[in-house]
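Participant: My structure is below; once you've seen it, I'll send some questions.
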Amino acid sequence: MPLPDVETQLLGGTANRGLVVRVGDTVRRPLRPSSMATHALLEHLERVGFEGAPRLLGIDVQGREVLSYLPGETVTSPYPDWSMTDKALDSVAHLLREYHEAVADFRPVGLTWAEPVPSAYVTGLISHNDPNLDNVVFRDGVAVALIDFDLAGPGSPLWDVATAVRLWAPLRPDADIHDVRRGRSLTRLRRFADAYGLTDTDRLRLVDAAADNHIWCMAYVRHGAESGHPWFHQRWTTGEAELTNRTNEWFTRTADALRQALLH
């Protein structure tokens, strides 16, 4: 008689915390109203040969989506030293560029996506919208795959770069950076834009896009908290609201310095 499948809870995330498990070489995740759209996206990425995303394998008997498990490491606190290096930062930028190239000709019709991004940053490309530290898989210190496409939807390369660099630089007050990145936000901002190969036009808009992305992301967290989601509520009420205000003020205060750091 075969042994029952062993489910191992996977760490990271907020919206689905405690609900994502590994079973053998697969990952099981809850379905969402936008699942049909994200499944179409994953199927497109498989068709074009993009290796940096999980494969959709179906729906299990419990009604969960089944994805291929991507071996490697994600970055969760306390952050390992290798994850804070320039090598790791560059590789995230390269991976994001490769994803955008792979998804450039994906033209979905009639699909329902998750949180819409501000219209100023919608160009027709389906962006990931959440390349957070724990949504990137690394091997040997190099980013090789994106996971958790729950927030994917119509956006732009600029919006994804703004999301990524805001989190990976990171773009926030130095007093709120508690690792080796403290004091290097401007340097890492410039490095990420260079590694990605951001256009001159998008460089001029990147600082505003990052500030707008912070407002968008924190509104999503606040809404989750107000809707009674336990993990969003915990996050919002244990310092996130105060950090949000400090970061918004920081963006206003340092906008010129951030723009100067991006100049060639």
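The values are calculated or read from the model by the stated rules, or taken from the named source; none is laboratory data. Computed from a predicted structure; not experimentally measured. Glycine gets a Cβ as well: all are built from the backbone with ideal geometry, and neighbour counts include every protein chain shown.
Participant: Given the structure, is Ala169 closer than 14 Å to Leu96 by Cβ and touching a Lys or Arg at 6+ places or on another chain (Cβ under 6 Å)?
Facilitator: yes
Participant: Looking at (1) at pLDDT 95 or above; (2) in a helix (DSSP H, G or I), which is the one condition that is false for Val180?
Facilitator: (2)
Participant: Out of Asp160, Asp194, report the one residue that is charged (D, E, K, R) and under 13 Å from the mean Cα position of the chain (by Cα).
Facilitator: Asp160
Participant: Whether any residue in region 63-82 is among the hydrophobic types (A, V, I, L, M, F, W, C), without any contact (Cβ under 8 Å) to a residue 40 or more places away in the chain and in contact with a strand residue (DSSP E or B) (Cβ under 7 Å, 6 or more places away or on another chain) is what I want to check.
Facilitator: No: zero hits.
Participant: Something else: Say we look at region 44-60 and pick out the residues that are outside any strand (DSSP E or B) and among the small types (Gly, Ala, Ser); which of these is farthest from the chain's Cα centre (by Cα)?
Facilitator: Once the filter is applied, the top-ranked residue is Gly49.
Participant: Check whether at least one residue in region 124-132 is over 25 Å from Tyr220 (Cβ atoms), touching a helix residue (DSSP H, G or I) at 6+ places or on another chain (Cβ under 7 Å), assigned by TED's automatic domain parsing to the domain that holds Arg190 and in contact (Cβ under 8 Å) with a residue 12 or more places away in the chain, and report yes or no.
Facilitator: Within region 124-132 (the criterion being over 25 Å from Tyr220 (Cβ atoms), touching a helix residue (DSSP H, G or I) at 6+ places or on another chain (Cβ under 7 Å), assigned by TED's automatic domain parsing to the domain that holds Arg190 and in contact (Cβ under 8 Å) with a residue 12 or more places away in the chain), the answer is no, since none of the residues qualifies.
Participant: Can you tell me which of (1) under 20 Å from Asn129 (Cα atoms); (2) modelled with pLDDT under 95; (3) in a loop (DSSP other than H, G, I, E, B) is the one Glu240 doesn't meet?
Facilitator: (3)
Participant: Checking the structure you have, find out if any residue of region 2-11 is at pLDDT below 95 and crowded, with 19+ Cβ neighbours inside 10 Å.
Facilitator: Yes; the residues of region 2-11 include at least one that is at pLDDT below 95 and crowded, with 19+ Cβ neighbours inside 10 Å.
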